[in-house]
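Report on one structure; see the data block that follows.
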Amino acid sequence: TQITAIAIVVVISALVTYYIRYGGTYGEATLDPSTASGKYIPKDLPDALVELDRIMGTKGRKEVLHAETELEMMSQYHHGLGTWLRNSWGLWSGESRLALYFYGLGVRHADHMSSIVLRSYWRSLHNEPIDLDEQVVYYND
């Protein structure tokens, strides 16, 4: 039917847009066959920032530097890249080493974990203090 054809076009368009934005134009995640996702899972926030910088590559780094505020950057990346982080780094399962690191800080929700990573990345690129303790308090309130 016509509705099915339109739905297929919309889905294909979304997938192509996602690939262009996150798959083919940025750096690549480090592969690790020992994880469920096949992607390297960082052990803590500093390690996550190094891996995220590798994934973002020059193009992504420039985009984050172009974002004038954390809020602007979060609105651009929370759903696309943030979803990828939550899924590929095992934040939803609560069993990956990065999730366990955040649990140790008292951060229990995968959305909050990925938000801390993304905010910290923006702050590090903008030479702002990461203020991890403040972020943990913010997401626990």
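Quick look at the values:
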read-out	value
Karplus (6.51, -1.76, 1.60) ³J(HN,Hα), θ = phi - 60°, over segment 56-62, in Hz, Gly and Pro reported as x	5, x, 4, 5, x, 4, 4
Charge dipole magnitude, Cβ of K and R +1, D and E -1 - segment 31-141, Cα centre, debye nearest 20	440
Per-peptide average of other Cβ atoms within 10 Å, ordering 127-137, 46-56, 99-109 highest first	46-56, 99-109, 127-137
Prolate/oblate/rounded label for segment 22-141 (Cα gyration tensor, a/c 1.5)	oblate
Built amide H within the under 5 Å cut-off of residue 39, gap 5+	32
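Values quoted throughout were computed directly from the atomic coordinates according to the rules given, and no laboratory measurement underlies them. Just so it is clear, the structure is predicted and the values come from calculations on it, not from any experiment. Cβ sites come from the backbone with ideal geometry, for glycine too, and all protein chains shown count toward neighbours.
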